[in-house]
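Just so it is clear, none of the values below were taken in a lab; they were calculated from the coordinates. If you're wondering where the values come from, they're calculated on a predicted model, not measured in any experiment. So basically every Cβ, Gly included, is an ideal-geometry build from the backbone, and we count neighbours across all protein chains shown.
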Amino acid sequence: DAGVTQSPTHLIKTRGQQVTLRCSPKSGHDTVSWYQQALGQGPQFIFQYYEEEERQRGNFPDRFSGHQFPNYSSELNVNALLLGDSALYLCASSLWYRNSYGYTFGSGTRLTVV
Amino acid sequence: KQEVTQIPAALSVPEGENLVLNCSFTDSAIYNLQWFRQDPGKGLTSLLLIQSSQREQTSGRLNASLDKSSGRSTLYIAASQPGDSATYLCAVGNDYKLSFGAGTTVTVRA
């Protein structure tokens, strides 16, 4: 049973550029959430997608946007990159109607902005 | 706003000693609590999930308790091994997201 798959694993971008990160959820899961983890900190919630719509959003600027596709996979887009966007970006999948079953996380994408 | 605190921030123990990791949270209106393990530069591996109606969960050498009324959870790791060295994260779940603590970094010395 495939878990959550994220790509790419590492990425280096220049300030002001745009980046797209990708996530395939665990088989059977229909909800995808994105988290940002800065060095030495716990992950922070960015947003959650269900039925191809953004259902909830954390305290992140509009430069962060996303998309969910009919096969439940998802993309995270970040525009006008800042040095402070350097972090590990984690994707988590779950079942919408059974959120109490918990979340499964991917291995993350390490983004470095220079 | 849910605030999650983990104490201590770091812990170093000799092999064989039992580990006790603490987690506290401010809002008791939770769906569940999940403990994760994170190796350096890697993603999160789920260790235990406790539903809000449960008091504890066990898996092998791991045991986690939950006291929702006091906003506390404790992760016990019995007979620690060098392979247990990692950062352990506590996450409190509501209807749409997890709120994480900053983690406890554990080093088990051989």
### Query
Limited to the range B:23-59, what total is found for residues that are of a type outside the set (G, A, S) and either farther than 15 Å from B:S70 by Cα or in contact with a helix residue (DSSP H, G or I) (Cβ under 9 Å, 6 or more places away or on another chain) (or both)?
19
### Query
Hey, does the range B:3-24 have a residue that's aliphatic (A, V, I, L, M), within 24 Å of A:A38 (Cα to Cα) and not in a strand (DSSP E or B)?
yes
### Query
Can you name the condition, by its number, that A:E54 falls short on among (1) free of Cβ contacts under 8 Å to residues at least 40 places away in the same chain; (2) within 21 Å of B:F36 (Cα to Cα)?
(2)
## Note on the structure
Counted residues in the range B:35-91 being free of Cβ contacts under 8 Å to residues at least 40 places away in the same chain and acidic (D, E) come to 2
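Taking the conditions exactly as written (at the interface with chain A (Cβ under 10 Å from one of its Cβ atoms) and closer than 19 Å to B:V106 by Cα), does B:L48 satisfy them or not?
Details: at the interface with chain A (Cβ under 10 Å from one of its Cβ atoms): yes; closer than 19 Å to B:V106 by Cα: yes.
So B:L48 fits the description; yes.
State yes or no: is A:N71 exposed (fewer than 13 other Cβ atoms within 10 Å of the Cβ) and within 12 Å of another protein chain (Cβ to nearest Cβ)?
On the way: exposed (fewer than 13 other Cβ atoms within 10 Å of the Cβ): yes; within 12 Å of another protein chain (Cβ to nearest Cβ): no.
The answer is no for A:N71.
Just need a number here: residues in the range A:74-114 that are assigned to a loop (DSSP other than H, G, I, E, B) and away from chain B (no Cβ under 12 Å). Walk me through how you get there before you give the answer.
Restricting attention to the range A:74-114, the residues satisfying the condition of being assigned to a loop (DSSP other than H, G, I, E, B) are A:79-82, A:86, A:95, A:102-103, A:106-108, A:114.
The next check asks that each one be away from chain B (no Cβ under 12 Å); those that pass are A:79-82, A:86, A:95, A:114.
The number of residues fulfilling the criteria is 7.
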### Message
Residue under question is B:S65, and the condition is that it be assigned to a strand (DSSP E or B) and surrounded by fewer than 21 Cβ atoms within 10 Å (Cβ to Cβ); does it hold?
### Response
yes
### All positions within the range A:21-43 that are under 24 Å from B:A10 (Cα atoms) and surrounded by fewer than 19 Cβ atoms within 10 Å (Cβ to Cβ)
A:A38, A:L39, A:G40, A:Q41
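So for the range B:88-98 (the condition being part of a strand (DSSP E or B) and surrounded by fewer than 21 Cβ atoms within 10 Å (Cβ to Cβ)), does at least one residue qualify? Write out each step before concluding.
Here is the first cut: in the range B:88-98, the residues part of a strand (DSSP E or B) are B:88-93, B:98.
Keeping just the survivors that are surrounded by fewer than 21 Cβ atoms within 10 Å (Cβ to Cβ) gives none.
Checked against the condition, which is being part of a strand (DSSP E or B) and surrounded by fewer than 21 Cβ atoms within 10 Å (Cβ to Cβ), the range B:88-98 yields no hits at all.
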#### Entry: A:H29, sole failed condition from (1) within 12 Å of chain B (Cβ to nearest Cβ); (2) closer than 17 Å to B:L44 by Cβ
(1)
